[in-house]
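Visitor: Below: one structure in structure tokens.
Each reported figure results from applying straightforward, stated rules to the coordinates on display, with no laboratory input. Fair warning: this is a prediction, and the values are worked out from it, not measured in the lab. Cβ atoms come from the backbone with ideal geometry, glycine included; neighbour counts cover every protein chain shown.
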């Protein structure tokens, strides 16, 4: 039997490191959906060049961090190969432009194209994620975050959750913070966050850490 596990990250660099570690541990059924509200990923299907991309504001270009994470997972993945090499741009209702790869993104995009309400919510729910958590995950991506979802053997769930937990958001606390500010649930008809709104959102939770 398999279990589906998801985690939300405030920045793409942390999520990409988690994906690389999962791949190094032998997990292959992984999806990633990252906000592209600040246009860090180009229309040509590659990360933008010419300026530093430091979404987590640690002083290091996120592209270098991602490459370093990939380089450390061993020859079996060929450096930064794997899921992250297949990233592409999508538009999902309520989320706006996202950079994504894997089955979850495909399921959400197909559902949206078919007129299904809340494609990302349906995709998460069908995968076994509780509806309340699914709404918080979707809202987190809308506000600039990155969602990583993996299907893993049920017996190894705890081991893989430990990998994902290292730099992820506490989804219960984040959901409570959203609701305290008046949010109730993810709205696929809502306008996607702008780059400035995403920046302010990250600063809010960075200052609270």
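Visitor: Place the peptides 19-31, 181-193 in order of packing, highest mean first, counting for every residue the other Cβ atoms within 10 Å and averaging per peptide.
Guide: Numbers: 19-31: 19.2, 181-193: 14.2.
Ranking, from highest mean packing down: 19-31, 181-193.
Visitor: Zone of residue 89 (label point 7 Å along Cα→Cβ, backbone N under 17 Å): which residues in the range 179-204?
Guide: 192-195, by backbone N distance to the label point.
Visitor: Which of rounded, prolate or oblate describes the range 129-209 when judged by the alpha-carbon gyration tensor and an a/c cut-off of 1.5? Show your work: numbers first, answer last.
Guide: Working: a/c = 2.03, a/b = 1.61, b/c = 1.26.
Because a/c hits 1.5 or more and a/b exceeds b/c, the range 129-209 counts as prolate.
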